[in-house]
1. Which residues, counting only those in region 127-138, are surrounded by 11 or more Cβ atoms within 10 Å (Cβ to Cβ) and over 15 Å from residue 115 (Cα atoms)?
2. For residue 116, indicate whether it is open to solvent by less than 20 Å² (accessible area, probe 1.4 Å) and over 23 Å from residue 56 (Cβ atoms).
3. Take the conditions open to solvent by 30 Å² or more (accessible area, probe 1.4 Å), within 30 Å of residue 154 (Cβ to Cβ) and modelled with pLDDT of 90 or more and apply them to residue 86. Does it pass?
4. Taking region 22-67 as the region of interest, how many residues are over 26 Å from residue 121 (Cα atoms), open to solvent by 100 Å² or more (accessible area, probe 1.4 Å) and at pLDDT 85 or above?
5. Name the residue that is modelled with the lowest pLDDT, counting only residues in region 68-83 that are crowded, with 19+ Cβ neighbours inside 10 Å and part of a loop (DSSP other than H, G, I, E, B).
6. Which count do you get for residues in region 92-113 that are part of a helix (DSSP H, G or I) and either open to solvent by less than 70 Å² (accessible area, probe 1.4 Å) or of a type in the set (Gly, Ala, Ser) (or both)?
7. Note down all Cβ pairs under 9 Å where the first residue falls in region 139-166 and is free of Cβ contacts under 8 Å to residues at least 60 places away in the same chain and open to solvent by 60 Å² or more (accessible area, probe 1.4 Å), the second is in a helix (DSSP H, G or I) and small (Gly, Ala, Ser), and they're at least six residues apart or on different chains.
8. Kindly indicate the residue of region 107-151 that is in contact with an Asp or Glu (Cβ under 9 Å, 6 or more places away or on another chain) and among the charged types (D, E, K, R) and also farthest from residue 67 (Cα to Cα) among those meeting that condition.
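The values are calculated or read from the model by the stated rules, or taken from the named source; none is laboratory data. Bear in mind that the values here come from a model prediction, so they are computed numbers and not experimental data. All Cβ positions, glycine included, derive from the backbone under ideal geometry; neighbour counts span all protein chains shown. Heavy atoms of the whole protein, side chains included, go into the accessibility calculation; ligands, DNA and RNA do not. Shrake-Rupley method; radii C 1.70, N 1.55, O 1.52, S 1.80 Å.
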Amino acid sequence: MDAQRLLTLDDNLLGASEKEDKALTRSVLFFAGANHALRSLNSPSDLDDGILTAQEISKLDLKGLDLVVLSACQTGLGDITQGEGVFGLQRGFKKAGAGTIIMSLWKVDDNATQMMMTQFYKNLCNGMDKHEALQMAQKSLREYKDEKGQTKYDQPLFWARFIILD
């Protein structure tokens with residue numbers, strides 16, 4: 001079934017695997033060139049369109065991939081299917097074999113996220129496990145003080161946006 005037809009079908013008419021396929025086509029990562037595809041501009045057929053769907057991700061072989069970090073806004077969201085869970089980017093990566101996924105549940109603040117992720121990777125490089133590295137990066141962000149000595153990112157909306165899915 002082609003993607004355009006799949007997106008317009010009533011969910012009640014779809015079987016379980018078709019519902020999953022439809023849901024996984026709605027969670028995407030945009031890369032270079034996606035703007036041309038979204039504006040329906042012609043680009044050479046041998047070039048990628050710059051749009052990677054969760055469905056495409058699910059068909060990759062990511063067995064042995066230990067960690068995926070999705071630090072953009074709302075990367076942990078997707079379609080919720082009763083009895084099946086959330087169908088989104090995380091489902092695509094899990095189906096492909098990825099081990100642990102760090103993802104955001106809300107919109108993220110760019111500066112706070114950049115600081116927290118930098119600290120997270122430093123923690124990983126210094127030997128912490130993924131869970132401890134994220135927890136300590138969140139703690140570091142909560143305790144950060146600006147040049148005036150004021151805490152800037154102590155509110156949960158800055159540091160509690162990210163979760164780990166094993």
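1. So in region 127-138, the residues surrounded by 11 or more Cβ atoms within 10 Å (Cβ to Cβ) come out as 128-138.
Hits for region 127-138 are 128, 129, 130, 131, 132.
2. On the way: open to solvent by less than 20 Å² (accessible area, probe 1.4 Å): yes; over 23 Å from residue 56 (Cβ atoms): yes.
It is true that residue 116 is open to solvent by less than 20 Å² (accessible area, probe 1.4 Å) and over 23 Å from residue 56 (Cβ atoms).
3. Working: open to solvent by 30 Å² or more (accessible area, probe 1.4 Å): yes; within 30 Å of residue 154 (Cβ to Cβ): yes; modelled with pLDDT of 90 or more: no.
No; evaluated as a whole, the condition is false for this residue.
4. 1
5. 76
6. Taking region 92-113 as the starting set, the residues that turn out to be part of a helix (DSSP H, G or I) are 92-96, 110-113.
With the extra rule that they be either open to solvent by less than 70 Å² (accessible area, probe 1.4 Å) or of a type in the set (Gly, Ala, Ser) (or both), the set shrinks to 92-94, 96, 112-113.
Residues meeting the conditions: 6.
7. 144/112; 152/112; 157/112
8. Applying the first criterion (in contact with an Asp or Glu (Cβ under 9 Å, 6 or more places away or on another chain)) to region 107-151 yields 123, 130-131, 141-144, 151.
After this cut, where a residue has to be among the charged types (D, E, K, R) as well, the list is 130, 142-143.
Details: 130: 8, 142: 24, 143: 26 Å.
Only one residue tops the list, namely 143.
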